[in-house]
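Student: Below: one structure in structure tokens.
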Protein chains: 2
Amino acid sequence: MSSILSSAPRVVNLGLESFTESVTRNGGDALHLDWKPPGDADPALAWQLAGLMGDADDPQSAGARIDRANAVACERIIAARPLLVDVALRADNIWPEMKTGRLLLHAGAPVEWRDMCGPMRGAMTGAAMYEGWADTPQAATALLERGEIGFAQCHDFKAVGPMSGIISASMPLFVVRNATHGNLAYTNLNEGIGKCLRFGANSPDVLARLKWFEQVLAPTLKAATLAQCERDGNGVDLKSIQAQALLMGDEVHSRNAAATALYFMQMATALSRTAVPQAHVRESLEFLSRNSQFFLNLSMAACKAIMDAAHGIECSSVVTATARNGTTTAIRVSGLGNAWFEAPSAMPAGLYFPGFRAQDANPDLGDSAITETAGYGGLSIAASPALTLLVGGSVADANAYSRLMYEITTTKNPALSLPNLEFDGAPTGMDIRKIVDSGILPVVTTGIAHKEAGIGQIGAGIVRPPMACYVKAVKALAAKLGVSAG
Amino acid sequence: MSSILSSAPRVVNLGLESFTESVTRNGGDALHLDWKPPGDADPALAWQLAGLMGDADDPQSAGARIDRANAVACERIIAARPLLVDVALRADNIWPEMKTGRLLLHAGAPVEWRDMCGPMRGAMTGAAMYEGWADTPQAATALLERGEIGFAQCHDFKAVGPMSGIISASMPLFVVRNATHGNLAYTNLNEGIGKCLRFGANSPDVLARLKWFEQVLAPTLKAATLAQCERDGNGVDLKSIQAQALLMGDEVHSRNAAATALYFMQMATALSRTAVPQAHVRESLEFLSRNSQFFLNLSMAACKAIMDAAHGIECSSVVTATARNGTTTAIRVSGLGNAWFEAPSAMPAGLYFPGFRAQDANPDLGDSAITETAGYGGLSIAASPALTLLVGGSVADANAYSRLMYEITTTKNPALSLPNLEFDGAPTGMDIRKIVDSGILPVVTTGIAHKEAGIGQIGAGIVRPPMACYVKAVKALAAKLGVSAG
């Protein structure tokens, strides 16, 4: 280290990092401060943010109104009790509009065919063949290009789907009920890893597995779920499984090994009280026992049921959905209706399976970031040291990430303990104001899809949603509450 | 804080802690150093220890011979591969001596009826009734008092049992085979918590559950185990389950929630390939799914199979068994044959279930410390933050305990990763020399039994085996190797 009397320059640098480099290259000591002015370096936004951040002395201030609304939103998040109550054997039993027209649901905000990423196009193509609308990928693609198949967002159908998140008429769905607030949520069945429709694969074996879901797995799990409901009057308590899994090395987004095992125990036990044919029991249990991410979709639907209950609180700045269609990342905010605040998706940073590299990756994709929105996943990554083996980084990094998330959230969820933070509650209720003010983006754990359709998952990592989503939402909230830009 | 110029005394104290107190009571600053001279403060022992600790320059020195032997013992521990290969429907099918006479196996080193603790007496009484040797507890106790029932240690029958560890002729046994070294190990089936024979309960419901084990649970698990063997040629890979469970919040001694779920997944899946009656499947799965400690006995038998393979290495100072009969704690050492080195059992320190307190506790009891001997349990407590909820202390304490265990072990087991120590291998191969030299006792996680028979588990905690066990073993090793006391 250079002494305090040395003639070499000793510099603290703010702003352009290259200036730090030029000092150190010339033998100087330079510390680069990773700091930006509040409001994403936009003075008008900084004024709006100041107006939204609250004035404790004035209960009528925008800030105080937002704080009260956020407290209500978080109470609802904490009180929500998502239960798996049924398996619908076909999506069009739930949504009649799927019977009358050709409609595919997808992850994220609305996106046109021409803007869709490779995996989503591949999944749409596969779903069209699976539904019998076309016999070949070429014919299916032609239908899609001509606009003969309608698209809609899962989120607007109270549904969520991982990766491309495609849901079509014949697909079975898990039905989740929030026992506290009465709302329902839906999701499809997890296909495992490797070649799967959700990653854009659409080969015959992928479609055959979806048919087996219809004919074997879904009826089997439906019987088990109903047997469980009959036994305890509730169904499968998904939040209880999530909370236990946080003590067992899962963050219930990118790692669900314990949650899947706990779900398996309930289902296998319930199945022994049903008349499901033994061959179906065998095939179903073998499938579940080989797929440690099976619980992911259930975790997502539980989070959707939780976060929908916290949506629509007047003035609240709590994020209630984070969704990626593979092209854009979009958020919804409790007090801002159904508007999506959207920006181009970022690239995940992580570890790749052998034979793949960063250039192969698709931008961030899927509805699964609903789990972070509810306080799990990247927000609770301290719960999952084992996940660092998959996504990279150290256990100390994981603990630091979760601690950082308290800076941008409203409260701690007392029902969700993070062992490595000495059982502190999971960071809960992301506040768009705190994100923009601090410059700290949420941490999202995620699978990485190949950018070409059909190859599947090629890695796993961490992604931070784009700051522009939160900036747009803050501006919208300021406009709505009449907070001026200075 | 007192300044360096203050007139109050500033003292560093060694030895009697009460002297520290008298300094601080009189306004002085005193630091009590928790230090004892090596060799447990016994100069003769210190000389022996110095002779045993090794002289790297002399490959014929006692220390170098011990080091080489310990390396072999640890290679065997690491290479061992315990598989669950069968369930024996009756213990006397394995041990014919149980057919010809009345014999009960128990945990720990040999102990006479008059010296037995309450829970072990209660369990012996219950086993005598269960076997039909007596109709009432009074009649059973009379038989036991008159010496009409023989006792032997589980360990001498290649078996281990938790708490009182009673095994009688009609009890079913898990059969574990170490695929690497060919040796077998046995254990009984876990009864759950609360009123259990192993805690000394012997009421009709306790005995009825043991009958149900014979008639339903054991045949069901036998069929599942054999179906698993048929499928993969191996059976249930217990070490693989243990290693996964260390990533999932278990230390596979006092917490087995993940391990039990992983075992359950294999058994339920295998059962779907058998002709076991559905009623038996249902009863068995319901029992397993309610008992998160079911895997404990399997973990113990896996460890017994591992450690027996490391026993009998000439000159080795590695501990190969730690066993408590509720009166004494005893260890065996690889290079010291079948001698037990024994001292009165310590009291566990931990948390009590509501309504119980430390005065109700029995001294440390059971063969389950075989798990620590193999590197799990207290040695790997860093793997189980959730266990601190049950036994007390902080997650930081748990991490520190495991780190401390590297001081008294020979190596790290690369197959057993501890996430919170950034995936370092579990401390493996406790060395009696290092324990006595450092004064650091192994950490054992343990259930706490009520001292009266029949009440059951009243808490859980941590216990350190008595130093005298290790001192006696060091003296025996010095004598055997001709290392003099100065």
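The values are calculated or read from the model by the stated rules, or taken from the named source; none is laboratory data. Note that the structure is predicted; figures quoted are calculated from it, not measured. In this analysis, Cβ positions are derived from the backbone assuming ideal geometry, glycine residues included, and neighbour counts consider all displayed protein chains.
Student: Go through segment B:226-246 and give me each residue that's within 13 Å of chain A (Cβ to nearest Cβ) and more than 19 Å from A:Ala386 (Cβ to Cβ).
Tutor: Selection gives B:Ala227, B:Gln228, B:Arg231, B:Asp232, B:Val236.
Student: In addition: Can you name the condition, by its number, that B:Val471 falls short on among (1) surrounded by 19 or more Cβ atoms within 10 Å (Cβ to Cβ); (2) under 23 Å from B:Cys303 (Cβ atoms)?
Tutor: Checking B:Val471 against (1) surrounded by 19 or more Cβ atoms within 10 Å (Cβ to Cβ); (2) under 23 Å from B:Cys303 (Cβ atoms), the one that fails is (2).
Student: Here is a follow-up. Which count do you get for residues in segment B:362-384 that are among the charged types (D, E, K, R) and part of a helix (DSSP H, G or I)? Even if it seems obvious, please write down each step before you answer.
Tutor: Taking segment B:362-384 as the starting set, the residues that turn out to be among the charged types (D, E, K, R) are B:364, B:367, B:372.
Still in the running and part of a helix (DSSP H, G or I): B:367, B:372.
Qualifying residue count for the region: 2.
Student: So which residues in segment A:256-301 are touching a Lys or Arg at 6+ places or on another chain (Cβ under 8 Å) and either closer than 16 Å to B:Ala279 by Cα or at pLDDT below 95 (or both), if there are any at all?
Tutor: Those that are touching a Lys or Arg at 6+ places or on another chain (Cβ under 8 Å) and either closer than 16 Å to B:Ala279 by Cα or at pLDDT below 95 (or both): A:Thr269, A:Ala270, A:Ser272, A:Arg273.
Student: Out of A:Thr371, A:Thr428, A:Thr329, A:Thr411, which single residue is more than 14 Å from chain B (Cβ to nearest Cβ) and in contact with a His (Cβ under 6 Å, 6 or more places away or on another chain)? If you could, list the steps in order and put the result at the bottom.
Tutor: Details: A:Thr428 fails: in contact with a His (Cβ under 6 Å, 6 or more places away or on another chain); A:Thr329 fails: in contact with a His (Cβ under 6 Å, 6 or more places away or on another chain); A:Thr411 fails: in contact with a His (Cβ under 6 Å, 6 or more places away or on another chain).
On inspection, the qualifying residue turns out to be A:Thr371.
Student: Quickly run through segment A:476-486 and pick out the residues that are farther than 13 Å from A:Trp340 by Cα and modelled with pLDDT of 95 or more. So that I can check it myself, show each step before the final result.
Tutor: Step one: filter segment A:476-486 for residues farther than 13 Å from A:Trp340 by Cα, giving A:478-486.
Residues satisfying the conditions are A:Ala478, A:Ala479, A:Lys480, A:Leu481.
Student: For segment A:285-293, state whether one or more residues are of a type in the set (Lys, Arg) and touching a residue at least 60 places away in the same chain (Cβ under 8 Å). Let's see the steps before the verdict.
Tutor: Step one: of segment A:285-293, the residues of a type in the set (Lys, Arg) are A:290.
After this cut, where a residue has to be touching a residue at least 60 places away in the same chain (Cβ under 8 Å) as well, the list is A:290.
Within segment A:285-293, one or more residues are of a type in the set (Lys, Arg) and touching a residue at least 60 places away in the same chain (Cβ under 8 Å).
Student: Please specify each residue of segment A:318-329 satisfying the condition of being over 11 Å from the mean Cα position of the chain (by Cα) and closer than 20 Å to A:Lys451 by Cβ. Lay out the reasoning, then the answer.
Tutor: Within segment A:318-329, the subset over 11 Å from the mean Cα position of the chain (by Cα) is A:318-319, A:325-328.
Within segment A:318-329, A:Asn325, A:Gly326, A:Thr327, A:Thr328 meet the criteria.
Student: Which numbered condition in (1) assigned to a helix (DSSP H, G or I); (2) buried (at least 24 other Cβ atoms within 10 Å of the Cβ) is the only one that B:Leu217 fails?
Tutor: Failing condition for B:Leu217: (2).
Student: With the checklist (1) touching a strand residue (DSSP E or B) at 6+ places or on another chain (Cβ under 7 Å); (2) farther than 30 Å from A:Arg65 by Cβ; (3) among the hydroxyl-bearing types (Ser, Thr, Tyr) in hand, flag the one item A:Tyr401 doesn't pass.
Tutor: Result: A:Tyr401 fails condition (1) only.
Student: Can I ask one more? Give the residues of segment B:279-325 that are in contact with a Leu (Cβ under 6 Å, 6 or more places away or on another chain) and either among the β-branched types (Val, Ile, Thr) or at the interface with another protein chain (Cβ under 10 Å from one of its Cβ atoms) (or both), sorted by residue number.
Tutor: Of everything in segment B:279-325, those that are in contact with a Leu (Cβ under 6 Å, 6 or more places away or on another chain) and either among the β-branched types (Val, Ile, Thr) or at the interface with another protein chain (Cβ under 10 Å from one of its Cβ atoms) (or both) turn out to be B:Val281, B:Ser284.
Student: Given the conditions (1) surrounded by fewer than 24 Cβ atoms within 10 Å (Cβ to Cβ); (2) part of a loop (DSSP other than H, G, I, E, B); (3) in contact with a Ser or Thr (Cβ under 7 Å, 6 or more places away or on another chain), report the number of the one that B:Cys315 does not fulfil.
Tutor: (3)
Student: Same structure, new question: Would you be able to tell me the number of residues in segment B:391-405 that are more than 9 Å from chain A (Cβ to nearest Cβ) and not in a helix (DSSP H, G or I)?
Tutor: The first filter runs over segment B:391-405 and keeps only residues more than 9 Å from chain A (Cβ to nearest Cβ), leaving B:391-393, B:397-405.
Those left that are additionally not in a helix (DSSP H, G or I): B:392-393.
The total comes to 2.
Student: With respect to the numbered conditions (1) surrounded by fewer than 24 Cβ atoms within 10 Å (Cβ to Cβ); (2) within 30 Å of B:Leu52 (Cβ to Cβ); (3) within 14 Å of another protein chain (Cβ to nearest Cβ), which one is the sole condition not fulfilled by B:Glu342?
Tutor: All conditions are met except number (3).
Student: Still on this structure, please answer the following. Between residues in segment B:468-486 that are in contact (Cβ under 8 Å) with a residue 24 or more places away in the chain and residues that are part of a loop (DSSP other than H, G, I, E, B) and among the small types (Gly, Ala, Ser), which pairs lie under 6 Å by C-beta distance while being six or more apart or on different chains?
Tutor: B:Leu477/B:Ser317
Student: Something else about it: Give the residue that is surrounded by the most Cβ atoms within 10 Å (Cβ to Cβ), with candidates limited to residues of segment A:247-266 that are part of a helix (DSSP H, G or I) and either within 9 Å of chain B (Cβ to nearest Cβ) or polar (S, T, N, Q) (or both). Walk me through it before giving the result.
Tutor: So the first thing to find is which residues in segment A:247-266 are part of a helix (DSSP H, G or I), and the list is A:257-266.
From what's left, either within 9 Å of chain B (Cβ to nearest Cβ) or polar (S, T, N, Q) (or both): A:257-258, A:260-262, A:264-266.
Numbers: A:Ala257: 24, A:Ala258: 32, A:Thr260: 27, A:Ala261: 29, A:Leu262: 25, A:Phe264: 24, A:Met265: 21, A:Gln266: 21.
That would be A:Ala258.
Student: Continuing with the same structure: Consider segment B:418-453. How many of its residues are of a type outside the set (A, V, I, L, M, F, W, C), assigned to a loop (DSSP other than H, G, I, E, B) and closer than 19 Å to B:Val474 by Cβ? Please lay out each step first, then the result.
Tutor: Start the filter on segment B:418-453 by keeping residues that are of a type outside the set (A, V, I, L, M, F, W, C), which leaves B:419-420, B:422, B:424-425, B:427-429, B:431, B:433-434, B:437-439, B:442, B:445-447, B:450-452.
Then drop every residue that is not assigned to a loop (DSSP other than H, G, I, E, B), which leaves B:422, B:439, B:442, B:451-452.
Subset that is closer than 19 Å to B:Val474 by Cβ: B:439, B:442.
Of the residues in that region, 2 qualify.
Student: Only helices (runs of 4 or more DSSP H) wholly contained in segment A:39-157 count here; list those with 1 or more residues that are farther than 26 Å from A:Trp340 by Cβ, in contact (Cβ under 8 Å) with a residue 24 or more places away in the chain and not hydrophobic (A, V, I, L, M, F, W, C).
Tutor: Values: elements: A:43-52, A:62-79, A:97-100, A:118-130, A:137-145.
Correct list: A:43-52, A:97-100, A:118-130, A:137-145.
Student: If we keep just the residues of segment B:166-210 that are touching a residue at least 12 places away in the same chain (Cβ under 8 Å) and part of a helix (DSSP H, G or I), which is farthest from B:Ser292 (Cα to Cα)? Explain how you work it out, then say what you get.
Tutor: Step one: list which residues in segment B:166-210 are touching a residue at least 12 places away in the same chain (Cβ under 8 Å), which gives B:166-181, B:183-203, B:206-207, B:209-210.
Among the residues that remain, those that are also part of a helix (DSSP H, G or I) are: B:197-199, B:206-207, B:209-210.
Numbers: B:Leu197: 18, B:Arg198: 17, B:Phe199: 17, B:Val206: 18, B:Leu207: 21, B:Arg209: 17, B:Leu210: 18 Å.
This residue is B:Leu207.
Student: Could you check segment B:267-278 and list, in sequence order, the residues that are within 34 Å of the chain's Cα centre (by Cα) and within 7 Å of another protein chain (Cβ to nearest Cβ)?
Tutor: Residues satisfying the conditions are B:Ala268, B:Thr269, B:Ser272.
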